[in-house]
Amino acid sequence: MALSRSEQEISIVKSANEKEFSLYVTDPKFVRKMKRIGVDPYKQEKIDDDTYGYFYKLDEKQISFRKKRVLSEEQKEILSYRMKNIRK
């Protein structure tokens, strides 16, 4: 039983007194990302023998929040030029 796109979600929870994040993931893209980084779910949610939700624990150092990078047109051109030269 596949979930619709609107039903696929990622919930991230952390209490101030804990050193880890708890994640609940139903989005297949992020399930694959978790496998890629070598994190196994500690629990799975199933309906009729079909897994659709995964629960993970991540150390607080494994999740980071960053500002979105804003580039001027000039900076974009410089980076584009560098990438073109790298590929030659």
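Read the figures in this text as sums done on the coordinates, not as results from a lab. Treat the numbers as computed from the prediction; the structure is a model and nothing was measured. A quick note on method: Cβ atoms are made from the backbone with ideal geometry, for glycine too, and the neighbour counts reach across all protein chains shown.
Taking the alpha carbon gyration tensor of the chain, multiplying each eigenvalue by 5 and rooting it gives semi-axes of 35, 19, 13 Å, largest first.
Considering only Tyr42, Asn85, Tyr56, the residue lying farthest towards the positive end of the dipole of the chain is Asn85, judged by Cα position with unit charges set on Cβ. Between the stretch 47-88 and the stretch 13-43, what's the alpha-carbon centroid distance in Å? If you average the Cα positions of each part, the centres end up 17 Å apart.
Dipole check for the chain: with +1 at the C-beta of Lys and Arg, -1 at the C-beta of Asp and Glu, and the Cα centre as origin, the magnitude is about 840 Debye.
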